[in-house]
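The values are calculated or read from the model by the stated rules, or taken from the named source; none is laboratory data. Note that this is a predicted model, so its numbers are computed, not measured. Glycine gets a Cβ as well: all are built from the backbone with ideal geometry, and neighbour counts include every protein chain shown.
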Amino acid sequence: AQTVTQSQPEMSVQEAETVTLSCTYDTSENNYYLFWYKQPPSRQMILVIRQEAYKQQNATENRFSVNFQKAAKSFSLKISDSQLGDTAMYFCAFMKYGGSQGNLIFGKGTKLSVKP
Amino acid sequence: DSGVTQTPKHLITATGQRVTLRCSPRSGDLSVYWYQQSLDQGLQFLIQYYNGEERAKGNILERFSAQQFPDLHSELNLSSLELGDSALYFCASSVVSPGANVLTFGAGSRLTVL
């Protein structure tokens, strides 16, 4: 069974600074996908970024980038130039490859506070 | 607006009662997923439907059931409710492909059992 671990329950960062959220996972699969979802106080789950395990290049989306280390089973999220609107719970998630089993396994989340 | 519509947004009921949560997926998405988010259990996958058929099952209790209708909307039925069933219930939808199924989530239905 796959597991996802986020070891930082809470973090804070000053506005405009950079912060990195950690995530490790355990799987015996070779092909899979990793995601970061954001849940602001509105409770809506919003996709931030995704990474295909077969791609060596780290995914980036504007101010968000990941550091994917497949051998170490590590998938951290870096947020650059943090903004007040980045305040949210961030969830790391794993999905096995294959259309019929496309359910996400989530970590417990990291609560990020961006301070002015 | 994510395109995934969930109703009701909030629901307060008593122990022993039965409720139905409804989800309309994004246009074009054939697959629907239900997740439960509670403080102690985190986000847990309950069940997935694809084009009307059950495709995968997670930690769904026997008191819970779901279905997906021909128009692709889905309903999650929760019966004999207990205090511990109080949670935020998310519906998500996706296209299904050999690659990554990117799930789009609805805004959730908050269930409070008193």
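Scanning segment B:3-16 finds no residues that are in contact with a strand residue (DSSP E or B) (Cβ under 8 Å, 6 or more places away or on another chain) and free of Cβ contacts under 8 Å to residues at least 60 places away in the same chain. Among residues of segment A:1-23 that are in contact (Cβ under 8 Å) with a residue 60 or more places away in the chain, those with a beta-carbon under 9 Å from a residue that is in a loop (DSSP other than H, G, I, E, B) and β-branched (Val, Ile, Thr) at least six positions away or on a different chain give the pairs A:2/A:27; A:3/A:27.
Of all residues in segment A:71-81, none satisfies being more than 9 Å from every other protein chain (Cβ to nearest Cβ), touching a Pro at 6+ places or on another chain (Cβ under 7 Å), under 14 Å from residue A:4 (Cα atoms) and not in a helix (DSSP H, G or I). Per the listing A:30, A:67, A:58, the residue uniquely modelled with pLDDT under 90, on the phi < 0 side of the Ramachandran plot and outside any helix (DSSP H, G or I) is A:30.
When segment A:33-57 is limited to residues that are more than 18 Å from residue A:85 (Cβ to Cβ) and more than 9 Å from every other protein chain (Cβ to nearest Cβ), the one that is surrounded by the most Cβ atoms within 10 Å (Cβ to Cβ) turns out to be A:34.
Can you work out which of the residues in segment B:30-61 that are more than 10 Å from chain A (Cβ to nearest Cβ), of a type outside the set (A, V, I, L, M, F, W, C) and crowded, with 19+ Cβ neighbours inside 10 Å is nearest to the chain's Cα centre (by Cα)? Of everything passing the filter in segment B:30-61, B:36 is nearest to the chain's Cα centre (by Cα). All conditions but one from (1) of a type in the set (Gly, Ala, Ser); (2) out of contact with any Lys or Arg (no Cβ under 9 Å at 6 or more places or on another chain); (3) at pLDDT below 95; (4) buried (at least 20 other Cβ atoms within 10 Å of the Cβ) apply to residue A:109; the one that does not is (3). Annotation for segment A:83-99: no member residue is free of Cβ contacts under 8 Å to residues at least 40 places away in the same chain, more than 30 Å from residue B:32 (Cβ to Cβ) and aliphatic (A, V, I, L, M).
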